[in-house]
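Colleague: Handing you a structure now.
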Amino acid sequence: MSQKATHSYGSYWIAWFILLLITLAMLLIGSKPILAAGMVIKAAIIAMFFMHLAFEKKSLIYTVLIGIFATTAVLVVLVAPDGAAM
Amino acid sequence: MTEVHAVAPDEMEAPIFLISWQKLMMWGFIITDALLFAGYLASYMFTRLASDVGWPAQSEIFDMNFIALMTFTLITSSATMACAVKAASEGDRKLTRRYLLLTILIGTAFLGMQAIEWSHFIGDGARLTGNPWGASGFSAYFFMMTGFHGTHVLIGVVILLITFLRTTPERLIADKVEVAGLYWHFVDLVWVFIFGCFYLL
């Protein structure tokens, strides 16, 4: 079976604290680059540590990442900006 | 008659993902569900960019401190859920149940705040078809996106409640707790994007 990640409870609360700090930065600064970076970093922390994705087999990591990112990229980069041309 | 080969265990092909099928199914569901929300967010951005009337300023309509509190609540519930999965993997029933119950309570608190948020918004005159502040898509997307997310949270609370009840003093199903945890973290992950794209952008 998959390798059991040897996390301590403390490491989850460290992740929680970092998530809070990023949320605060997004709230207080709120510029577009900060928001975009903040969302991506928060999502990465949740997926990698809370969902243990970082410790799964590479095949699963790539399946999830390519599945979500490829389609999201098409929607957000190719489709959504067309709204400005309407 | 065709020959039947007995396959020795070491000759068998290793499973591609090395995880239980339940967990693999949950990941499959998460990928497709993520695409559902990606579709919403993309169509939201499209509508916002294409809108002829100005987009309302969110910070003048929503109480941002309250939204921040909701975000804090959901992130905290994700952390307690991670602890529940950890406790379950170590076979600690009592601690698993404690963390599961904590997660359920915090998740329910989030749902309550969502309800307060909706009643304020509706009380201010927002409807699915329009709102007093400008572009009609603003309230339509608010109800659709937070509504779908809230439904996910509600389903998550039900799943956690079932997991909690099934984790009796006699048995602990670490796998089930882990799969329920995956779903719960995913709901938190979706909120990250709703919070960033809808409330802050």
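The values are calculated or read from the model by the stated rules, or taken from the named source; none is laboratory data. Remember, it's a predicted structure, so these values are computed and weren't measured experimentally. FYI the Cβ positions are ideal-geometry reconstructions off the backbone, even for glycines, and counts take in every protein chain you see.
Colleague: Of the conditions (1) outside any helix (DSSP H, G or I); (2) more than 10 Å from chain A (Cβ to nearest Cβ), residue B:19 fails just one. Which one is it?
Modeller: Answer for residue B:19: the failing condition is (2).
Colleague: Pick out the one residue from B:95, B:105, B:160, B:74 that is farther than 24 Å from residue A:55 by Cα and among the aliphatic types (A, V, I, L, M).
Modeller: Numbers: B:95 fails: farther than 24 Å from residue A:55 by Cα; B:160 fails: farther than 24 Å from residue A:55 by Cα; B:74 fails: farther than 24 Å from residue A:55 by Cα.
None of the other options fit; the residue is B:105.
Colleague: Taking the condition of being touching a Ser or Thr at 6+ places or on another chain (Cβ under 9 Å) and of a type in the set (A, V, I, L, M, F, W, C), how many residues in the range B:123-152 meet it?
Modeller: Going through the range B:123-152 one residue at a time, the tally reaches 6.
Colleague: Filter the range B:164-178 for residues that are closer than 29 Å to residue B:38 by Cα and either at pLDDT 95 or above or within 11 Å of chain A (Cβ to nearest Cβ) (or both) and give the result.
Modeller: In the first step, residues of the range B:164-178 are kept if they are closer than 29 Å to residue B:38 by Cα; the result is B:175-178.
Those that are closer than 29 Å to residue B:38 by Cα and either at pLDDT 95 or above or within 11 Å of chain A (Cβ to nearest Cβ) (or both): B:175, B:178.
Colleague: Give the residues of the range A:45-57 that are free of Cβ contacts under 8 Å to residues at least 40 places away in the same chain, part of a helix (DSSP H, G or I) and facing chain B (nearest Cβ under 10 Å), sorted by residue number.
Modeller: A:45, A:46, A:47, A:50, A:53
Colleague: Also, I was wondering about something else. Those residues that are aromatic (Phe, Trp, Tyr) and within 10 Å of another protein chain (Cβ to nearest Cβ), I need them from the range B:41-93; list them, please. Don't jump to the end; show me each part of the working.
Modeller: Here is the first cut: in the range B:41-93, the ones aromatic (Phe, Trp, Tyr) are B:44, B:46, B:55, B:62, B:66, B:72.
Matches in the range B:41-93: B:44, B:46, B:72.
Colleague: What's the number of the only condition in (1) loosely packed, with under 14 Cβ neighbours inside 10 Å; (2) not in a helix (DSSP H, G or I) that residue A:30 fails to meet?
Modeller: (1)
Colleague: Go through (1) facing chain B (nearest Cβ under 9 Å); (2) modelled with pLDDT of 85 or more; (3) farther than 15 Å from residue B:78 by Cβ one by one and return the number of the condition residue A:37 breaks.
Modeller: (1)
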